[in-house]
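One structure is given here, and the rest of the page talks about it.
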Amino acid sequence: MLQIIYEDNHLIAVNKPGGVLVQGDETGDKPLSDFVKEYIKQRYDKPGDVFLGVIHRLDRPVSGVVVFARTSKALERMNKLFHDRKVEKVYWAITGKRPNPIKGSLTHYILKDREKNVSKAYDQLSNRAKDAKLSELDYELIGELTGNCLLEVHPHTGRPHQIRVQLAKMGWPIQGDLKYGYSKANADGNILLHCRKLAFEHPVKKEPVVIMADPPHDPMWDMFEGVYN
């Protein structure tokens, strides 16, 4: 299950399958972080507890690149890179509706309802959404087959469910995303959103790092294999 796509003494990155938690929650389901700890413990024959810092997360039904820190120094520095927006993030999403225009930028204000675990996007701040956070992304249609549209998305902020709610706000919900208005679920219960790439300066070596992950092998993603290979 565990697909390691980058590894050194400071960082380890995994291509997360959809449906797997990054970090433990109230469900009690085994998270990706535990699988990675087990891998490190076995591979390097480490006694005792293994340190693993969770730097960022992907929603449970989303697949793609997840980077963990193997040292506290790397964790602190990677947290700062994310906070300072010095990490380039590239996602792919498959929608059932063609975006219009086919390339552009979206700006909304997102408010998260933590009790319901759902976000709402507003066009502007108002009294009812005074705590909403500015959310920005760029998108481009990069493939279209039989009514299915492959979008490349570059989020510039990191709000909860940002890509999902902003695309849905425009009338282009991600396939399988019942929470944000898509009409039917996917067979596996996941959604067709994938973190394709993270790029940043290595927190210790100060060298450029580019980590890429292929989408899951699934009939919908495989349909677009010729576009991204």
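Brief remarks on what is shown
- You will find that of Ile191, Ile163, the residue that is aliphatic (A, V, I, L, M), surrounded by 21 or more Cβ atoms within 10 Å (Cβ to Cβ) and part of a loop (DSSP other than H, G, I, E, B) is Ile191 and no other.
- From the list Tyr139, Tyr182, the lone residue that is in a strand (DSSP E or B), surrounded by 17 or more Cβ atoms within 10 Å (Cβ to Cβ), of a type outside the set (Lys, Arg) and out of contact with any Lys or Arg (no Cβ under 6 Å at 6 or more places or on another chain) is Tyr139.
- Of all residues in the stretch 25-57 being within 15 Å of Thr71 (Cβ to Cβ), surrounded by 10 or more Cβ atoms within 10 Å (Cβ to Cβ) and among the charged types (D, E, K, R), the one that is modelled with the lowest pLDDT: Lys46
- Filter pass, Glu140 being of a type in the set (Asp, Glu) and modelled with pLDDT under 95: no
- For the stretch 146-157, a residue qualifies if it is of a type outside the set (Ser, Thr, Tyr) and modelled with pLDDT under 95, and exactly one does: Gly147.
- Residue in the stretch 173-180 that is more than 20 Å from His83 (Cα to Cα) and either at pLDDT below 95 or among the hydroxyl-bearing types (Ser, Thr, Tyr) (or both) present: yes
- Taking strands (runs of 3 or more DSSP E) as the structural unit, those lying wholly within the stretch 1-98 and holding at least 1 residues that are more than 30 Å from Lys169 (Cβ to Cβ) and acidic (Asp, Glu) correspond to 4-7.
- Pairs are defined by a Cβ separation below 8 Å, a sequence spacing of at least 6 or placement on different chains, a first member in the stretch 212-229 that is more than 23 Å from Val87 (Cα to Cα), and a second member that is crowded, with 17+ Cβ neighbours inside 10 Å and among the acidic types (Asp, Glu); no pair meets this definition.
- Residues being closer than 25 Å to His56 by Cα, outside any strand (DSSP E or B) and at pLDDT below 95 are entirely absent from the stretch 201-209.
- Of all residues in the stretch 84-105 being in contact with a helix residue (DSSP H, G or I) (Cβ under 8 Å, 6 or more places away or on another chain) and either β-branched (Val, Ile, Thr) or on the phi > 0 side of the Ramachandran plot (or both), the one that is surrounded by the most Cβ atoms within 10 Å (Cβ to Cβ): Thr95
- Selection count where residues are in a loop (DSSP other than H, G, I, E, B) and charged (D, E, K, R), scope the stretch 99-118: 3
- Of the residues Ala168, Ala213, the single one that is closer than 30 Å to Lys73 by Cα, surrounded by 18 or more Cβ atoms within 10 Å (Cβ to Cβ) and not acidic (Asp, Glu) is Ala213.
- Members of the stretch 122-150 found to be under 11 Å from Leu106 (Cβ atoms) and hydrophobic (A, V, I, L, M, F, W, C), listed by number: Leu137
- When Leu75 is tested against (1) within 19 Å of Tyr6 (Cβ to Cβ); (2) surrounded by 18 or more Cβ atoms within 10 Å (Cβ to Cβ); (3) out of contact with any Gly (no Cβ under 9 Å at 6 or more places or on another chain), just one condition goes unmet, and that condition is (3).
The values are calculated or read from the model by the stated rules, or taken from the named source; none is laboratory data. All figures in this text were calculated on a predicted structure; none of them were measured in a lab. Neighbour counts run over all protein chains shown; Cβ positions are idealised from the backbone, glycine included.
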